[in-house]
Every structure is written in C-alpha cells, then in structure tokens.
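Below you'll find the structure, written out as structure tokens, and then a few comments.
The values are calculated or read from the model by the stated rules, or taken from the named source; none is laboratory data. Since the model is a prediction, treat every value here as computed from it, not as a measurement. Note that we place each Cβ from the backbone using ideal geometry, even for glycine, and neighbour counts take in every protein chain shown. Just the protein is used for accessible areas: all its heavy atoms, side chains included, with ligands, DNA and RNA removed. Shrake-Rupley method; radii C 1.70, N 1.55, O 1.52, S 1.80 Å.
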Amino acid sequence: MQIYLPIAELSMNLFFLVGIGGAVGFLSGLFGVGGGFLLTPLLIFSGVPASVAVASVTGQVVAASTSGALSYYRRGLIDLHMALYLVLSGVLGAFGGVATFQVLRAAGQLDLVISLGFLILLGFVGTLMLIEAARAIIKRRAGIVVREKLPNQHNWFHGLPWRVRFKKSRLYISVIPVLALGVAIGFVGSLLGIGGGFILVPALVYILRMPGSMVIGTSLLQVVAMMAVTTVLHAVSSQSVDILLAFCLMVGGTVGAQFGASAGKYLRGEQLRALLAILVLAVAIRFGLSLIIAPSDAYSTGVIGVGGVI
C-alpha cells in the first residue's frame, strides 16, 4: 500500500514505514535508548532526503519519549532542578543546531555533514561501548567482581566555579559541565535528528556522577523538551517536517517498544550493551561506505529558485 509523503516528495509503502518504526521501537525498548540515532539513518538509506529524515524524526522522538518521561515523573524519579539546566541549555543548543542545519542546506553540504556526523559520532560511541561491554563479559566469566564508583564521587569537573546544589540527586557540583552537556546534546540532536539519550545517559552517570535512579527520567525530560523545540524550529524555518511520515513511524514505534521492553528482561546488561554497540558500529560503517563508494548516478537535477536550490 503506497502513500505519498508530501514534504519528502516521494511515495513509500505504508507497511514498510510502520515496520521500520516498529523495528526501531523494538530496539529502543530492548536497549533502553531513544531510536533517533537508528531511525534517521534507516530513513536516509531508504531514500528519504536527509533534511526531511532529520526534521521528521524529531517529532517521533518527542512522542516516543513523552510517555516514558511521564511515568518517571509520577514515580518521583526526575531531578527537575537538574533537568531545568539541561533543558534551557539544550534549547540554546537546538537553536544553534537548526541554524547550522539551514546554512549547510543552503550551501548544499547538509548530506555530507550528516553522513560524517553519524560516522564519527556512532563510530566513537559504538567503539567505546563495545570495549566496555567486552571487558565486563570477560571479567564476569573469569569471576572477577569489580567495585563500581559511587554515584556521588567527584572528579575534576566538580571543582569548577558556579557550584549548585541538586538536592534530589544529592550533588553539589559546578553548573558549567551541566550547561555544556545540555548545549552539546541540543546542537547535535537538532542537527542530526537524534534524541541524544544514548550520549546523555552515560554522561550523567560517568561525568556528573548522578544517581542511576534519577538518570533515565531526567534524560527523557530533557530529550522531550529539547526535541519538541527542535521540531517547531524545523517546521517553521525549513518546512522539512513531514507529519504523515512522522505519524507512521510513531504508530510502529509505540507497538514495537512494548515487545522490546519484554524481550530485554531475558538478557544481561553487558550482553545488551554489546549488541547495541555492534548495531551502532554497523550503522557507522554503512555511512562510511556511502562516503567512499561512488553513487550509481553521479548527477541529479533540481529546480533552481530565487532563494537557491529547492
């Protein structure tokens, strides 16, 4: 069943869109991360223009993260004070990311930057995750018990000025790394169409030493607020948000996430991290190949308008 996507200006199979939404939703529920960093590449590989894929996935990320954020809020597992700083700085980063998105699109370099961005980001994160997971698996099989660092232990970041007390997380730290983290996540998320949860969660744990019980809920709240602003900015500035595409992805993602969450109960944490790392590296390799392999059609045509390429 073919449907026409007006903003993407192409026809795609409805069941295919719902299916990839469901597949990414399953993986999101299985690994406990947002699916933007997987869904955006899948859409690009399927022929959706990079600008439309990035802008449309932001809406899907908002819908997928809202229910989770509400659940954690009802259970009191969100540090609203910490989230406030992350949200405000994340929104500022989103403005910068969308502005950069517009400049790159006008210059005709958006596709290249998105491919390079995913290659570097996913390659770096995937490699670190795979090394950490492999070490954990080896130590577990060898019967070595490793004592993890306590969440409230500080590092040199916490000695910076402008210290703020976050009572819910039992932290008294400099607000500078918190703001820097929020700006970075907002910028990268709006430019590449990813929620940034797979970066923010480990950063909150290993950099800010935030208690694990508060990490996921606080991260989800930041992602919801930041990506909601990003969706509006993309819709107003670039008109790249395809509502029909986003809706199809939302339907599949909502269903798939439920099955993924159930399946995740049967795997150990280090096994999940290893599988996720392999998946992330596979996507990075696919982007790398797209940069070095010559396209089947070296030329394309487009309509030139007053404001540039349409």
Practice problem: Starting from segment 176-203, keep only residues that are part of a loop (DSSP other than H, G, I, E, B), then list their pairs with residues that are open to solvent by 30 Å² or more (accessible area, probe 1.4 Å) whose Cβ atoms are within a distance under 8 Å, requiring at least 6 positions of separation or different chains. | Solution: Ile194/Gly34; Ile194/Val188; Gly195/Gly34; Gly196/Gly34; Gly196/Val188
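Conditions (1) in contact with a Leu (Cβ under 7 Å, 6 or more places away or on another chain); (2) in a helix (DSSP H, G or I); (3) at pLDDT below 80, marked per residue:
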| residue | (1), (2), (3) |
| --- | --- |
| Ile3 | yes, no, no |
| Phe15 | no, yes, no |
| Phe26 | no, yes, yes |
| Phe37 | yes, yes, yes |
| Val54 | yes, yes, no |
| Thr58 | no, yes, yes |
| Ala64 | no, yes, yes |
| Gly68 | yes, yes, yes |
| Tyr73 | no, yes, no |
Practice problem: Would you mind finding the one in Thr218, Thr231 that is open to solvent by 10 Å² or more (accessible area, probe 1.4 Å) and in contact with a helix residue (DSSP H, G or I) (Cβ under 6 Å, 6 or more places away or on another chain)? | Solution: Thr231
Quiz item: Given (1) open to solvent by 60 Å² or more (accessible area, probe 1.4 Å); (2) without any contact (Cβ under 8 Å) to a residue 12 or more places away in the chain, where does Gly76 come up short, assuming only one miss?
Solution: (1)
Quiz item: Out of segment 204-244, which residues are of a type in the set (D, E, K, R) and over 22 Å from Ala180 (Cβ atoms)?
Solution: Asp242
Quiz prompt | Sole exception among (1) at pLDDT below 85; (2) surrounded by fewer than 24 Cβ atoms within 10 Å (Cβ to Cβ); (3) closer than 24 Å to Asp242 by Cβ; (4) of a type outside the set (A, V, I, L, M) for Gly96, by number | solution = (1)
